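Student: I have a structure here, written as structure tokens, and I will follow up with some questions on it.
Every read-out reported here was derived from the displayed coordinates using simple, explicitly stated rules and does not represent laboratory data. Nothing here was measured: the structure is a model prediction, and the numbers come from that model. A quick note on method: Cβ atoms are made from the backbone with ideal geometry, for glycine too, and the neighbour counts reach across all protein chains shown.
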Amino acid sequence: MRVLGIETSCDETGIALYDSERGLLADALFSQIDLHRIYGGVVPELASRDHVKRLVPLVRDVFAKADLPMGAVDGLAYTAGPGLVGALLVGGAFARATAHAWQVPALGVHHMEGHLLAPMLEARPPAFPFVALLVSGGHTQLVQVNGIGQYQLLGESLDDAAGEAFDKTAKLMGLPYPGGPEIARLAQQGQAGRFVFPRPMTDRPGLDFSFSGLKTAVLNAWHECQRQGDTSQQTQADIARAFEQAVVETLVIKCRRALKATGMKTLVMAGGVSANQHLRQALEKMTAGLRAEVFYARPVFCTDNGAMIAYAGCQRLLAGQHDEGGLITRARWPL
Ligand code: KG4
Ligand code: ZN
């Protein structure tokens, strides 16, 4: 089965062709980061309008890259939520109209299921069952995954998501959007130990997270530096380093706990924050100590992309699922 995947939930237009026999055939991505940067975050109306512009050229692009005629697919999969409703509607309406014209089924898929399954696109995919750490701009969740569609929530953030904490921390120090890659880059030059921030909710049992207190601790430290007239790039880097360290350690502690609680030996991490090199290294080290293994996608498939939607859609279309009734997009949608 060959599926065209369409991702438009936020500020990236991602298109891909996935074939159940041959794997990923082609993918194309347009990131709107430059469009939103001057506003310090995503402007929903601008995001929707830009998806309208990018969809057709990117779809043409993937068929050309795969050396296939337009429409040579058995189904279309699009992100139905969670995300920005206007942006989701652009991709959803396009997918459903196109599926109608090409006389193939369409299926709305869950954005976080896409992220969760993205490591399956790699040469050495993880095997079910596993524990998944989903860390994106909107979600931080630990999930027990027994198979496609068999997801049991083990824990989640009670306030900010990990990526959101990166973005807000960057913003409060005047760094550009999106903050995750900026903080990660600065942290490389940071001196360890100059600042120390809390590891929230690690001193009590359970698998939930909370990152808003950490953000406040950074804000207080930054205000103190400003009061002392020390807002140098080195100070920003030292704060970034301590912040990243606190997030990484918190995530590692909870992942270790989840592996122990479930008795599983496979950890999968996915979502934008899983592109973070320090987090990858720290999880490699932790899982090695437990004789377990960690899997993640290549960096471009950690952040939003069409390939993960094509893959997730293909699995569900193969299982006989497709859209029933009208177009449904959901800003909020539990996994
Ligand atoms: O999965 P994603 O592309 O979009 C959502 O579904 O939210 O995740 C975006 C998030 C942003 O918060 C961004 O700052 C963060 O992932 N991010 C990173 C890194 N790259 C992206 N956070 C930490 N380190 C990175 N290298
Ligand atoms: Zn995402």
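Student: Please identify the DSSP H helices in the chain that span no less than 20 Å along the helix axis (Cα) and have a mean Kyte-Doolittle hydropathy of -1.0 or more.
Tutor: Membrane-span-like by this rule: 44-65, 85-102, 212-227, 233-262.
Student: With a 10 Å cut-off between alpha carbons and a GNM built on the chain, which of 256, 22, 241 moves the most?
Tutor: 22
Student: Express in nm, to one decimal, how much length is gained between residue 281 and residue 226 on full extension, taking 0.36 nm for each residue of separation and deducting their alpha carbon distance. Can you show the working numbers first?
Tutor: On the way: separation 55, 0.36 × 55 = 19.80 nm, distance 3.25 nm.
Taking 0.36 nm per residue and subtracting the Cα distance, the gain is 16.5 nm.
Student: Another question about this same structure. Below 8 Å between Cα atoms, with a sequence gap of 6+, how large is the relative contact order for the chain in percent?
Tutor: Numbers: 718 pairs, mean separation 84.6, N = 335.
Value for the chain: 25 percent.
Student: Related question: Put +1 on the Cβ of every Lys and Arg and -1 on every Asp and Glu Cβ in the chain; which of 225, 56, 78 then has its Cα farthest towards the positive end of the dipole?
Tutor: Farthest towards the positive end: 225.
Student: So what is the relative contact order for segment 53-191, in percent, with contacts set as C-alpha pairs under 8 Å and at least six apart?
Tutor: Computed over segment 53-191, the figure is 13 percent.
Student: Sorted from largest down, what three extents in whole angstroms do the Cα atoms of segment 91-230 have along their principal axes?
Tutor: 66, 37, 30
Student: Which residue fluctuates most in the GNM of the chain (Cα springs below 10 Å): 231, 250, 266?
Tutor: 231
Student: Now for a separate question. Out of the DSSP beta bridges found with both residues in the chain, what percent are antiparallel (nearest 5)?
Tutor: 60
Student: Between beta-carbons, use under 13 Å as the cut-off and find the net charge around residue 75, counting Lys and Arg +1, Asp and Glu -1.
Tutor: 0
Student: In the neighborhood of residue 296, defined by Cβ-to-Cβ distances under 12 Å, what is the net charge if each Lys or Arg adds +1 and each Asp or Glu adds -1?
Tutor: 0
Student: Another question, then. Using Cα centres only, tell me the gap between segment 200-241 and segment 115-172 in whole Å.
Tutor: 23
Student: Something else: For segment 319-335, in order, what is each residue's ³J(HN,Hα) by Karplus, 6.51 cos²θ - 1.76 cosθ + 1.60 with θ = phi - 60°, in whole Hz (x at glycine and Pro)?
Tutor: Computed from phi, the couplings for segment 319-335 are 7, x, 8, 7, 4, 10, x, x, 6, 10, 10, 10, 5, 10, 6, x, 5 Hz.
Student: If contacts are Cα pairs under 8 angstrom and at least 6 residues apart, what is the relative contact order of segment 177-335 in percent?
Tutor: Dividing the mean separation by the residue count of segment 177-335 yields 22 percent.
Student: How much FRET efficiency would the formula 1/(1 + (r/R0)^6) give for residue 192 and residue 324, where r is the Cβ-Cβ distance and R0 is 51 Å, rounded to 0.05?
Tutor: Working: r = 54 Å, r/R0 = 1.06.
Efficiency for this residue pair is about 0.40.
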